[in-house]
Amino acid sequence: MQTRRRFGIAMASVAAIGSPTLVRAQARKLKVGVLLPLSGVQGFIGQSCQKAVDLAPAVLKQLAGVEIEVMGADTETNVDVARTRAERLIQEGANVLVGAFDSGASSAIAQVAEQRGVPFVINIAAAPQITEQGYKYVFRNFPTAPELVTNGLALIGDLFQATSTVPRTAVYMHVNDTFGQANTRAINAILPRLTQLPFKVVDQIAYDPAARDLSVEVSRARATKADFVLLVSRLNDAILLRREMVKQRWHPMGVVSPGSPGMYEKQFYTTLGPLSEYCISNVPWYDPKAELTKVVDQAFKARNKDDHLMYHALNVGFTFEAMLIAADAFKRAGSTDAKALTDAIRATNIAKRMMLGGPLRFNAKGQVEGNRSACIQNLKQRPTVVLPAAAAEAKPLFPVPDYKAS
């Protein structure tokens, strides 16, 4: 009874979104081509996003009364593969594309979608140029790199204030892929303007996200004697970097990401155990109090008996919202026609969402504005909100305790 009531509340919320003249959803299904890196370097993160795709058809049928057929494709963490598989999904009848987590892959898919006139809803990808091309069929509900960095750096200032600390130096370490380069440009442009932040970057160290050895990079970073590490990472390299820090007995005040994946992922905890403790990620996050979060959490538990939504908060949240955007547009368009769907997506107005931030509305460039970040610290081997204070589950720890005491 409680489940039905919860679905009923959320369904009423979805029914109220969008344009006031909703049409009854057609009996035929919306074919959603989902592209994710289910293998390769980003395989674990792609599999995390897939958990949202798996639960979305049943939940969205309950919420919005629409039928969705998922057509999945593995990008293999490869831009060229992403491009060719996007082409194939369109040839096989996909009405809309969703994906692809990686900025490079998403950029390639965006080009295909634009050329073929098929709407593409990006779940996660931060490179700003994706929505700066004047595309008509590309939409993104995820912060751009400048937005991520601006929100993340502001939270670093809040962290220092909350813990009464004044770090003076940082070493900036980052992946050298499309995402890492976009973040680096944003950090180099934004950080000098934030005069309230007390630290300066003493070195910038780029590395391959597919690297199998970061001993040289960590040794170089350690030699700077920087107070803390400012990190833009992926998952596998974040694990490798943390292990190497422990191996070299390097213990700075902390490791803080201004807005990248890796350190809050389930595999980070599973692989590192206690060594995963105290790392900090300033990232977009779900609102645990939102009704839609509760609905998705319930569906997640039903499909994943030994797992928890909090370990997949960003990946599942933004991927589910991408699927929701497609379903909501289909309901309002009453058609799978590409132009009708695209026009409906452009008119999206979803007030009650899962992720922190304002309503789901696209600007003229196809970008959702107003997504917010939270300061997530690894405490007791779980991602824990420590800032902003109004949403905090615990107080932040900084400088962090020595890993030997973890």
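Take residues that are under 18 Å from Glu369 (Cα atoms) and tell me which of the strands (runs of 3 or more DSSP E) falling wholly in segment 63-171 contain 1 or more.
Because the criterion is at least 1 residues that are under 18 Å from Glu369 (Cα atoms), the strands (runs of 3 or more DSSP E) in segment 63-171 that meet it are 120-122, 138-140.
When the residues of segment 102-127 are filtered to those that are modelled with pLDDT of 95 or more and touching a Pro at 6+ places or on another chain (Cβ under 9 Å), the one that is farthest from Ile68 (Cα to Cα) is Ala105.
So that you can scan it fast, the table gives a plain yes or no per residue for (1) surrounded by fewer than 17 Cβ atoms within 10 Å (Cβ to Cβ); (2) within 18 Å of Gly157 (Cβ to Cβ); (3) assigned by TED's automatic domain parsing to the domain that holds Gly157:
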{"position": "Ile187", "(1), (2), (3)": "no, yes, yes"}
{"position": "Asp213", "(1), (2), (3)": "yes, no, yes"}
{"position": "Val216", "(1), (2), (3)": "yes, no, yes"}
{"position": "Leu235", "(1), (2), (3)": "no, no, yes"}
{"position": "Ile239", "(1), (2), (3)": "no, no, yes"}
{"position": "Met245", "(1), (2), (3)": "no, no, yes"}
{"position": "His251", "(1), (2), (3)": "yes, no, yes"}
{"position": "Gly254", "(1), (2), (3)": "no, yes, yes"}
{"position": "Gly259", "(1), (2), (3)": "no, yes, yes"}
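Within segment 83-91, not a single residue is surrounded by fewer than 20 Cβ atoms within 10 Å (Cβ to Cβ), farther than 22 Å from Arg234 by Cβ and among the aliphatic types (A, V, I, L, M). Going by what's in this entry, would Asp54 be described as of a type outside the set (Lys, Arg), surrounded by fewer than 23 Cβ atoms within 10 Å (Cβ to Cβ), modelled with pLDDT of 95 or more and under 19 Å from the mean Cα position of the chain (by Cα)? Judged against the criteria, Asp54 is a match.
Condition check ((1) among the small types (Gly, Ala, Ser); (2) within 26 Å of Gln42 (Cα to Cα); (3) outside any helix (DSSP H, G or I)) across all residues:
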| residue | (1), (2), (3) |
| --- | --- |
| Leu191 | no, no, no |
| Gln204 | no, yes, yes |
| Lys225 | no, no, yes |
| Gly259 | yes, yes, yes |
| Tyr278 | no, yes, yes |
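When you scan segment 326-348, do you find a residue that is buried (at least 23 other Cβ atoms within 10 Å of the Cβ), closer than 28 Å to Tyr264 by Cβ and of a type in the set (A, V, I, L, M), even just one? Yes. So which residues in segment 101-151 are among the charged types (D, E, K, R) and surrounded by fewer than 21 Cβ atoms within 10 Å (Cβ to Cβ), if there are any at all? Residues satisfying the conditions are Glu114, Arg116, Glu132, Lys136.
Entry remark, segment 260-305: residues being within 17 Å of Val229 (Cα to Cα) and in contact (Cβ under 8 Å) with a residue 60 or more places away in the chain number 13 in total. Scanning segment 219-253 for residues being in contact (Cβ under 8 Å) with a residue 12 or more places away in the chain and on the phi > 0 side of the Ramachandran plot gives a total of 1.
The values are calculated or read from the model by the stated rules, or taken from the named source; none is laboratory data. The structure displayed is predicted, hence computed values, not measured ones. Backbone-built Cβ (ideal geometry, glycine too); neighbour counts: all protein chains shown.
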